[in-house]
Amino acid sequence: MKRETSNSILEYADHILYVRIKEGAELTIESMKEQYEAQYELVKNDKYSVLIDGKNNVIVPIEARAFMAEHNPPNRKATAIVSNKNLATLILANFYIKVNKPKVSTKLFQDELKAKHWLKQKLQKALK
């Protein structure tokens, strides 16, 4: 199943929600609310994890990072952010994880296969 919002494309399969942020998108609180609505339409009440493709350049204001860290659905079990070697993206993702401290387990990866493996491990524990 797939949905598109103003700033991202979401696809859900096997309890993993894949989120690809569009190039140059600005992730505001309002756009994050829109994205969360689309997420709910896809996952409903399933236990799930999120894989964010963070390879595109995006703008994430301080308020939006704080909102994302605090507002995670209770059925979300983990989030993996996959980034390339873009220094700005790596700094932003690390800052989000270390300073905003999301309520759900969140980890940064440069390899998508390793990210999926980590998410599947987290899901196995949650689905028991």
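Throughout, read-outs are computed from the coordinates displayed, never taken from laboratory work. None of the values given here were measured: they were computed from a predicted structure. Because the Cβ atoms are built from the backbone with ideal geometry, glycine has one as well, and the counts that use them run over all protein chains shown.
Annotations for the structure displayed:
- Stretching residue 70 away from residue 14 to a fully extended chain increases their span by 17.7 nm, per 0.36 nm per residue minus the current alpha-carbon distance.
- For semi-axes √(5λ) of the Cα gyration tensor in Å, calculated from these coordinates, the label among [x] 38, 17, 13; [y] 20, 17, 14; [z] 28, 19, 16: [y]
- C-alpha center-to-center spacing [segment 1-69, segment 78-124] in angstrom: 14
- Computed FRET value (nearest 0.05) for residue 33 with residue 94, which takes r as the C-beta separation and R₀ as 35 Å: 0.90
- Here residue 2 is the anchor, and the aspartates and glutamates within straight C-alpha reach of less than 12 Å, apart from those fewer than 8 places off in the same chain, are 11, 41.
- Positive-pole candidate from 6, 90, 36, dipole of the chain, charges at beta carbon: 90
- Loop-located trypsin sites (Lys or Arg not before Pro) in segment 18-60 (DSSP state other than H, G, I, E, B) with a sparse environment of at most 16 neighbouring Cβ atoms within 10 Å: 22, 44, 47.
- Relative contact order of segment 49-116, taken over Cα pairs closer than 8 Å and 6 or more residues apart, is 41 percent.
- Our helix-only sum for the chain, with -39,500 (n - 2.57) per DSSP H run of n ≥ 4 divided by its residues, gives a mean residue ellipticity at 222 nm of -12000 deg cm²/dmol.
- In order along segment 102-118, the phi-based Karplus estimate (6.51 cos²θ - 1.76 cosθ + 1.60, θ = phi - 60°) of 3J(HN,Hα) comes to x, 5, 9, 4, 9, 9, 9, 10, 10, 10, 5, 5, 5, 5, 4, 4, 4 Hz; Gly and Pro are listed as x.
- Dividing the mean sequence gap of close Cα pairs (under 8 Å, 6+ apart) by how many residues segment 2-127 holds gives a relative contact order of 24 percent.
- Computed from backbone phi with θ = phi - 60° and the Karplus coefficients 6.51, -1.76 and 1.60, the 3J(HN,Hα) list for segment 61-66 is x, 3, 4, 5, 4, 5 Hz; x is used for glycine and proline.
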